[in-house]
Amino acid sequence: MREKIMEILVCIKRVPDTAENEIELNSTGNDLNREDLVYSINDWDNYAVEEAIQIVDRVGGNVTVVTLGDEESKEVLRRELAMGANNALFLSDDAFGRLDGRGVATVLEKVVKKGNYDLILTGVQADDGASQIGGMLAAMLDYPYASVVNSIAIKEDKVLEISRETEGGNLEISQINMPCVLSIQTGINEPRYVGIRGIRKVASVEIPTLTTDDLGLDTLALKPRTTRLDYFVPELGESAEMLQGSTEEIITTLIGMLKAKGGLK
Amino acid sequence: MIETALISPAKAWFLFLPAWFFSLLIPVVGMTVFTYLIIRRLAPLMRAAPDHRFDRIPERIFQVLKIWLAQWRHPRYLFAGVLHIVMFAGFLCLLIRSTQMVILGFAEGFVFPGFHGVIGDVYNILRQIMAMAVLIVAVVAMIRRGIFKPARYAVPERYGKDHTAEAVFVLSLISILMLSEGLFDGSLAAAAAQQGMQAAPLVPGSLSWIFRYLFGNASPKTLQAIHLLAYYTHDLTFFSFLCFLPLGKHFHVVTSLFNVFFMRLQKGNIKPVRYGVSDEKLDDLNSVGVKKLEDFTWKHMLDFYTCADCGRCADNCPANAVGRPLSPRFLTIKARDLMFKNYPVYPLNAPIKPGEALIGGIYTEDEIWSCTTCGACEQECPLGIEYIDKIVDLRRGMIDDGNVPQSLQKPLKALEKRGNPWGKMEKKRGDWSKEKEFAAKYTVKSMEDGDTADTLYFVDSITSYDDRMQSIAQAATKVLVASGIDFMILGKNEKDSGHEVRRFGEEMLFQDLRDHNTEMIKESGAKHIVTTDPHAYNALCKDYNKLPPVEHISQLIVRRIQDGHLRLSPIKTEGKVYTYHDPCYLGRHNDIYEEPRMALDAIKGLKRVEMTRSRDRSFCCGGGGLMLFYEPQEDKRMGVVRVEMAAEAGANVIVTACPFCLINIEDAIKVAGMENKMEVVDLTELIARHIVE
Amino acid sequence: MAHIFAYIVHEAGKADDTALELYTAAKKIDASAPVIAIITGQGEELNTVASELACVYDEVWKYADGQLSHPNAETIRPLLVSSIPADSVVLMAHNTFGMDLAPGLSIKLDEPFLPDVTEIKNLEGHILKVIRQELGGQVGTHVEADISGGLVITTRAGSFAPTDTNTTGKIIDKSQKIETQISKRRFIKMIAPEVGDVDITKENVLVSIGRGIEDEDNIEIAQELADAMGAVVSCSRPIVDAKWLGNSRQVGTSGKTVKPKVYLACGISGSFQHMGGIKGSPFIVAINKNPNAPIFQMADVGIKADILDFLPKLTEAITETNKSSR
């Protein structure tokens, strides 16, 4: 089985870390309070880059990472370069200010067309939980698409065998022709560690910036079709009856409730 | 010409050749082969990383006198220790006799200058005693190794064949040396007696004496034959033994003196990434850490050669005790065998094999991540072999290659982004001091509010953020206030001390944390630092530079009790038996054993017992810092083993002076289901409860 | 308002639970517009589903073909594009199939896309306002779109009440000949997860553990409680990711769907992916040391405690109760 070398593009995003961040609105209430937030690469995207690097380590080729955002977003490009990606592209333009998902996919379509990629990866979802970029991009390019992929194997020259994670823990095995777009689920691999030393080594690498002109984009095409109006912290709805008292008292009450509901044999 | 009762080897004939020919040939060949072996053995050291070991010469000489000559660490295992001390003393003493023997082979009647008179007579008596002693010890050791087989010499299957044969073989050679020398001497004495000649005095019970009487009535021809046979047996055995030394664990006979001379003089510190390369220049290196054999320093390689396979390190290693895949002894033996394999001595001038990756080769990842850096191995080793620096270097290599377990990646990333391994927000670091009930009684000065004070309480991450550990910080506040100390904290300006970050191999992240904290401490204007966290204590003392003096809170407590500023009430809860658990980074690495005990004893009526494993033999609780996040493969938790030790000592309360010990032991009590039988309390908490206002 | 369509996923002759929710969502968008269910598949199973849906939906369009026996988004998408009239609203559930089908569909239909919607606020003229969540549910957002040209929208399971409409809808066979073209994506097979030693989907009482268990060794504590209660231990995703339990024990949208009578959520934060695996409104007891954990919104009874402390005590008390009642 002759394996062709692979050109892989991975679309990544710099997002706020949700684990220990406290999400609050800022004082004017029109955005999140971003002062104390830490940002890093979207977890799913990191798995995607690791997968791309592992594929290229096996069969040869190049991994290109691309992101769209502000100057600080370059940090994630550098981190993935330190991890082992070969090239990075930075998409930046004033017109990219208020893009919706479709807009981002429109920009990425141009990026893909400028290159010659066999495989395009995204993460299953990012901070907005929309899970849309990959599917939209594939449709724009007329490439086949598969989401929630947790395993990739090269079957033949231009065919991949993939596994998707579906409801109930079932695995859906399919074959998909390249070029294609896949969205990658966490747990597909174990991403390697990127140390500070590695990041420092790529600190001064030149990352080409692409604007709407470079991509031949008409800003009209970027007009958003959906608009986020605001952020709000969800109201706490009806909540549980919190048991009070000493541990002994709570346990006695609980046992009574469990008996009543058939929880004890 | 001195008349001798028997023809000496220098004057005999063998196969038409004068025997002195062989007496010269054997040493010349022996020394040549030995020299060749030494040169080959030095080869990897020539290609190793640099190491700076020529500083502080007087201290090094002292170490040689204490550890090498006086065998200071040997009696820690009493029986084996005494055996070895006798063997070693015998060797040193008999070195003179053995050399004399070699020369006697071609220079009849040779005696060393200065040994003609009284000194010579005294020496002759001494050597006979030592020779017998060595033989007895060798036989006892053979029986012990061959029949009783003490557990710590066992070789688990995955590490290969048993080593007992090698040990017994060498002990046999030593026995032959003693016996042949005794025969050489005894046969001459018997012949002299038969001829009515004067002979050197024999010590009754010595080998020379035994053989003199055993062969007292043998014919002169027999005696002559024995005399020459014994001589050449001794000669051949001596040089065979010499050439055998570099081939196995007895290389330590040659290298021990040097290894001890070059051994580490300070505890608790970590070697630089590469000697001779400053922190700023580290970014320029292509590779950091140890990935292949030649990345080790020459001293580390010398360590591998010097291992006597005694198993004391592994016997004290807590990771080994709980079934983690780490045994310090085999870490060394495997590396030594790799050196022998890649730098072969046979066939002659065989090519050096290329260095393959160590991780995935002789070592596994889990083996290297399993170490808690407790230092028990280094404390125990009678030959000055080091482990912690090697483990850290291997981890540096893995980090450089991105080969880090997922369980550690998260806290490392959190440390990078937030300055603590849980990724909690910086601005909450000082929140323990603002907890309602506590803040009502105590105001804690903080650098974030622009306060300043002479003393800085360096809290570090776990004590700042963990719900349970925050009570230690609060207790410390009570103690400091009661002692009349004006202090402050850095609050959100403090980041993790980076102690484990460095020991887990992320040197660059450690440096960032260190530089940040150093700057903050300087800006704070503090003149004195106190901490309740031994890992922070060790970091500030050993890993940081140019800081004001640092104290652990136990030292401060004892000081303030002694000068009357802090008074403690008698014990408040009756019927409890306390035992103090020495934290690795307070005890072994910093020699602070007494102050915590003195602090406890200052509470009148507190009943205290010692565990068998205490002070520098204390058993690690399971590890601190990043070790809390690592998921080891083990049969049992170290904490559980320690709790069982406390129960065995008759205690029902364990007192610790380290937040990591506290959390590990608390968890262990739950896991072991011993909640009703054992409690654990922090030293500072206990003291705080007994403060008399 | 043009047509509203709902693509319904089904298995073994039964429509997915979300089918009833999507109808409710459709009515919230425009109460007057007819709602048409679309199903694809083949054979009797498809007909059974059609009949079932016809009791709720105004119309059911069924597409039968051998090529559609297993739902393949790449094959279904062009089918829908060719049959759905312009400016339609297309609804589907935000599940793994929806993630496959919907985004591309919105491009091919040239319609705006609103994914994972949890609430539909109102339609003012042509502007539809909905609510979505971001940042793992920590923040909510209002989003609007001009749906004069149609809309593709996916909804989060459980966000809309299942409708109890009863009607007699028309079943229309829209089957087309699908070219036996080699689709660019071909289904090979399904692999069911390994059958573990227990089947949590059949259990009545579950003691479920999450990150709060902290260490693999502590799982014993939960097992002892389960033994005392005659229950079985289940868990949330992080436990399976850490490989402390097999995924046969995982409750959640990517794990198993359970229908117990009593569910003890121990040290579980309560993410919707986990809670989405619990059906049938069991009595949920949440034990967590973080009083702000979302689980307390969804549980019936809450206890603020560290499970490592609390569970052994509960086990002891239950064991005592068991003893004394013999």
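The values are calculated or read from the model by the stated rules, or taken from the named source; none is laboratory data. All values reported here derive from a predicted model rather than from experimental measurement. Cβ: placed from backbone, ideal geometry, glycine included. Neighbour counts: every protein chain shown. Just so you know, the surface numbers come from the protein's heavy atoms only, side chains and all, with ligands and any DNA or RNA stripped out. Shrake-Rupley method; radii C 1.70, N 1.55, O 1.52, S 1.80 Å.
Overview of results
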quantity: Label point at B:Ile125 placed 7 Å out along Cα→Cβ; residues across segment B:175-216 whose backbone nitrogen lies under 18 Å; calculated: B:199-210
quantity: Estimated FRET transfer efficiency when R0 is 35 angstrom, pair B:Glu648-B:Asp563 (beta carbons, to 0.05); calculated: 0.40
quantity: Convex hull volume per residue for segment C:200-324, taking Cα atoms only, in Å³; calculated: 91
quantity: Exposure of B:Phe241 as accessible area (Å², to 10), given a probe of 1.4 Å and all protein chains; calculated: 10
quantity: At R0 = 30 Å, FRET efficiency that the Cβ-Cβ distance of A:Glu190 and C:Glu220 yields, to 0.05; calculated: 0.65
quantity: With Cα atoms, 0 to 90° folded angle of helix C:18-29 axis to chain C main axis; calculated: 60
quantity: Loss of accessible area when C meets A, both sides summed, Å² nearest 100, probe 1.4 Å; calculated: 6500
quantity: Size of segment C:134-227 as Cα extents on the principal axes (Å, biggest first); calculated: 57, 41, 36
quantity: Overall form of segment A:6-222 per C-alpha gyration tensor (a/c, 1.5; a/b vs b/c); calculated: rounded
quantity: The protein assembly as shown: antiparallel DSSP beta bridges as a percent of all, rounded to 5; calculated: 35
quantity: C-alpha long axis of helix C:73-83 to longest principal axis of chain C, angle in °; calculated: 40
quantity: Positive minus negative residues near B:Asp303 (Lys, Arg vs Asp, Glu; Cβ under 11 Å); calculated: 0
quantity: Net lengthening on full extension, B:Arg56/B:Leu17 (0.36 nm per residue, minus Cα-Cα); calculated: 8.7 nm
quantity: The protein assembly as shown - charge dipole about Cα centre, Lys and Arg +1 at Cβ, Asp and Glu -1, debye rounded to 20; calculated: 4900
quantity: Unit charges at the beta carbon, dipole of segment B:577-689: most positive-side option, B:Tyr580, B:Leu606, B:Thr684; calculated: B:Leu606
quantity: Dipole magnitude (debye, nearest 20) for chain C, charges at Cβ of Lys, Arg, Asp, Glu; calculated: 240
quantity: Rounded accessible area per residue of the protein assembly as shown, 1.4 Å, Å²; calculated: 41
quantity: Projected area averaged over orientations for segment B:211-326, convex hull of C-alpha atoms, nm²; calculated: 13.2
quantity: Cα gyration tensor shape of segment B:531-612, rounded if a/c is under 1.5, else prolate or oblate by comparing a/b with b/c; calculated: oblate
quantity: At least 50 Å² accessible surface lost relative to isolated chain, residues of segment C:145-190 (1.4 Å probe); calculated: C:Lys184, C:Arg185, C:Arg186, C:Ile188, C:Met190
quantity: Of A:Glu22, A:Glu172, A:Glu241, the one that fluctuates the most in a GNM where chain A has Cα springs shorter than 10 Å; calculated: A:Glu241
quantity: Angle in degrees between helix A:247-261 and the longest Cα principal axis of chain A, rounded to the nearest 10; calculated: 80
quantity: Contour minus Cα-Cα distance for A:Val159 and A:Ile207 (0.36 nm per residue); calculated: 14.1 nm
quantity: Prolate/oblate/rounded label for segment A:5-59 (Cα gyration tensor, a/c 1.5); calculated: prolate
quantity: Which of B:Trp68, B:Trp432, B:Trp422 is most accessible, then next, and so on - probe 1.4 Å; calculated: B:Trp422, B:Trp68, B:Trp432
quantity: Computed E for C:Ser32/A:Arg98 - FRET, C-beta separation, R0 22 angstrom, nearest 0.05; calculated: 0.10
quantity: Distance (nanometres) between label positions extended 7 Å along Cα→Cβ at B:Lys427 and B:Ala350; calculated: 6.7
quantity: Set of segment B:567-581 residues, backbone N closer than 19 Å to the point 7 Å along the Cα-Cβ line of B:Glu610; calculated: B:577-581
quantity: Equivalent-ellipsoid semi-axes of the protein assembly as shown, from the Cα gyration tensor, Å, largest first; calculated: 72, 38, 29
quantity: Loop-resident sites, segment C:220-276, for trypsin sites (Lys or Arg not before Pro), counting at most 10 other Cβ within 10 Å (DSSP); calculated: C:Lys243
quantity: Summed buried accessible area for C+B [probe radius 1.4 Å, Å², rounded to 100]; calculated: 600
quantity: DSSP-defined beta bridges in segment A:139-265 - what % are antiparallel, rounded to 5; calculated: 80
quantity: Given charges at beta-carbon only (K, R positive; D, E negative), |dipole| of segment B:577-689 in Debye; calculated: 280
quantity: Rounded percent of accessible protein surface that carbon and sulfur make up, segment B:577-689, 1.4 Å probe; calculated: 46
quantity: Dipole of the protein assembly as shown [Lys/Arg +1, Asp/Glu -1 at C-beta], most positive-end residue of B:Leu202, B:Ala539, B:Gly276; calculated: B:Leu202
quantity: Under the span-like rule (Cα at least 24 Å along the axis, Kyte-Doolittle mean at least 1.0), DSSP H helices of chain B; calculated: B:19-46, B:78-104, B:118-143, B:164-194
quantity: Relative contact order for segment B:554-693, counting Cα pairs under 8 Å that sit 6 or more residues apart, in percent; calculated: 32
quantity: Against the rule of thumb 2.2 N^0.38 Å, how large the Cα Rg of chain C comes out; calculated: 1.13
quantity: Share, in percent, of DSSP beta bridges within segment A:6-222 that are antiparallel, nearest 5; calculated: 40
quantity: A:Glu248 versus B:Glu280: modelled label distance in nm, points set 7 Å from Cα along the beta carbon direction; calculated: 6.8
quantity: Positive-end extreme of charge dipole, segment B:46-177 - chosen from B:Met101, B:Gly160, B:Gly117 (charges on Cβ); calculated: B:Gly160
quantity: In nm, spacing of pseudo-spin labels at C:Ala86 and B:Leu236 (7 Å Cα→C-beta vector); calculated: 10.8
quantity: Residue of A:Thr211, A:Thr67, A:Thr28 that the Gaussian network model of chain A assigns the largest fluctuation, springs spanning Cα pairs under 10 Å; calculated: A:Thr28
quantity: Among C:Pro193, C:Pro115, C:Pro260, residue whose mean-square fluctuation peaks in a GNM of chain C (springs only between Cα atoms under 10 Å); calculated: C:Pro193
quantity: For C:His126, solvent-accessible area (1.4 Å; no DNA, RNA or ligand), Å²; calculated: 110
quantity: Partner chain coverage, peptide B:421-431 - average Cβ within 10 angstrom; calculated: 2
